[in-house]
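Student: Sharing a structure, written as structure tokens. Questions coming.
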Amino acid sequence: MKQIHWYPGHMKKAQNDIEERIKIVDLVIELLDARIPFSSRNPILFKLSQNKKRLVVLTKNDLADSKITEKWISHFRSEGFEAIFADLNKDKDIKNIIKSAEKLGEEKNNKLVAKGMKAQPIRAMIIGIPNVGKSTLINKIAKRNAASVQNKPGHTKAQQWIKVSDRFQLLDTPGILPSNYEDKNVALNLALVGSINEEILPLDELANYSFNYLKENYKDNLCRRFDYLNLILSNDENFSLIAKRRGYFSKDGLDINKAHKVFLNELKNGILGQISFETI
Ligand SMILES: Nc1nc2c(ncn2[C@@H]2O[C@H](COP(=O)(O)OP(=O)(O)OP(=O)(O)O)[C@@H](O)[C@H]2O)c(=O)[nH]1
Ligand SMILES: [Mg+2]
């Protein structure tokens, strides 16, 4: 398989900025995609924030397999991390995140108050790879559109402090990816959830990789969405069936490329159901 490389110019600078600012924050909120908690942890960001208090949030849990998410949460907790899952579009889950973050941040204020000083707002830096919901989380906590959000990786390009209340100040940061991948499956997983720009991808390999994964792990989801498939046939034949059914044609006949693209999009957006791409 071709190597996947996607490291836009702003990321190196963003990484340096995080390294600089991390010294002054009280807490790091690390967002991981609940569908790929391992692949979506950037080892560089993890290392940079190693000595900080940390809240791990598995986002987009509405798109993930909740039974598997629970196992991931237990796994992170067993490693000593404060970890919770969230659908960032749910108020209840946002409140949960605030509560956990306040708990982690309160030590600093307890110390200040014990010395007779005034409590200070908790300063939290939100970190993670592109498209995991960092800006969304900030907007939900702030209850306004303070940070720009788009369903496109690498949208936020620079850091931005956002005062969300008298108790909280949040630092939005650009999503950062590693500049290369030792494990190719990590890159493929990142592409499946939309954290790597799709245009640079070998689409057919990604489609085949995920189709095989579903055949093995989520056969029912696959057959529910495309009830005319025959899983004994090859992937190519099945993608041809999808193209035929949906009427995707190019000047040379069936448009398999379009079938790949649409399949991947539906998978990414949860149309095939709640699917996790990684177990522990
Ligand atoms: N289904 C679902 N979608 C979410 C969730 N959280 C965020 N999103 C969507 O994910 C997309 C990316 O969200 P952003 O908040 O811009 O992500 P980001 O981490 O700031 O991305 P960069 O700025 O590129 O690093 C948007 O379309 C959000 O609406 C969630 O919990 N569930
Ligand atoms: Mg952003």
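Quick note: the coordinates plus some simple rules give every number you see, no bench work behind them. What you are looking at is a predicted structure, and each value in this text was computed from that prediction instead of being measured. Note that each Cβ is placed from the backbone with ideal geometry, even for glycine, and that neighbours are counted across all protein chains shown.
Student: For segment 95-215, what is the convex hull volume of the alpha-carbon atoms per residue, in Å³?
Tutor: Considering the Cα atoms of segment 95-215, their hull volume per residue is 146 Å³.
Student: Using a/c under 1.5 as the rounded threshold, could you call the chain rounded, prolate or oblate? The axes a ≥ b ≥ c are square roots of the C-alpha gyration tensor eigenvalues, and prolate needs a/b larger than b/c, oblate otherwise.
Tutor: Note, shape of the chain comes out prolate.
Student: Here is a follow-up. Which value, in debye to the nearest 20, gives the size of the charge dipole of the chain about its Cα centre, when Lys and Arg are +1 and Asp and Glu are -1 at the Cβ? Numbers along the way, then the final one.
Tutor: Values: 45 positive and 34 negative charges, 235 e Å.
Approximately 1120 debye in magnitude.
Student: Rg (Å, one decimal) plus Dmax (Å, integer) for the alpha carbons of segment 10-172?
Tutor: Gyration radius and largest Cα-Cα distance of segment 10-172: 15.2, 48 Å.
Student: Tabulate in residue order the Karplus-calculated ³J(HN,Hα) for segment 45-57, using 6.51 cos²θ - 1.76 cosθ + 1.60 with θ = phi - 60°, rounded to whole Hz; enter x for Gly and Pro.
Tutor: Using θ = phi - 60°, the values come out as 5, 4, 5, 4, 9, 4, 8, 9, 5, 9, 10, 9, 10 Hz.
Student: What does the helix-only formula give at 222 nm for the chain: each DSSP H stretch with n ≥ 4 adding -39500 (n - 2.57), the total divided by the residues, and the result rounded to the nearest 500 deg cm²/dmol?
Tutor: Calculated mean residue ellipticity at 222 nm is -13500 deg cm²/dmol.
Student: On a 0 to 90° scale, report how tilted helix 91-114 is relative to the longest principal axis of the chain, with both axes built from alpha carbons and the result rounded to the nearest 10.
Tutor: Helix 91-114 sits at roughly 30 degrees to that axis.
Student: Please list 3J(HN,Hα) in residue order for segment 120-128, calculated via the Karplus relation 6.51 cos²θ - 1.76 cosθ + 1.60 where θ = phi - 60°; whole Hz, with x for glycine and proline.
Tutor: Coupling constants for segment 120-128: 10, x, 6, 9, 10, 9, 9, 10, x Hz.
Student: Hey, another quick one. Translational diffusion coefficient of segment 1-60 at 10 °C, 1.306 mPa s, Stokes-Einstein with Kirkwood Rh over Cα pairs, in µm²/s as a whole number.
Tutor: Answer from the Stokes-Einstein relation: 122 µm²/s.
Student: Here is a follow-up. By how many degrees, between 0 and 90 and to the nearest 10, does the Cα long axis of helix 66-78 differ from the longest principal axis of the chain?
Tutor: Roughly 40 degrees between the two axes.
Student: Report the charge-dipole magnitude of segment 1-152 in Debye, nearest 20, computed about the Cα centre from +1 at each Lys and Arg Cβ and -1 at each Asp and Glu Cβ.
Tutor: Dipole of segment 1-152, to the nearest 20 debye: 320 debye.
Student: Let me ask something additional. When a/c reaches 1.5 or more, the comparison of a/b and b/c decides; with that in mind, is segment 202-268 rounded, prolate or oblate per its Cα gyration tensor? Before the final figure, lay out each step's value.
Tutor: Details: a/c = 1.75, a/b = 1.41, b/c = 1.24.
Judged from the Cα gyration tensor, segment 202-268 comes out prolate (a/c at least 1.5, a/b above b/c).
Student: I've got another one for you. How far is the Cα center of segment 14-68 from the Cα center of segment 208-280, in Å?
Tutor: The two parts, judged by their Cα centres, are 31 Å apart.
Student: Return a whole-number percent for the relative contact order of the chain, with Cα pairs under 8 Å and 6 or more residues apart as the contact set.
Tutor: Details: 450 pairs, mean separation 63.0, N = 280.
About 23 percent, as a whole number.
Student: Further question: Please give the charge dipole size of segment 12-99, origin at the Cα centre, charges +1 on K and R Cβ atoms and -1 on D and E Cβ atoms. Round to the nearest 20 debye.
Tutor: Computed charge dipole of segment 12-99: roughly 160 debye.
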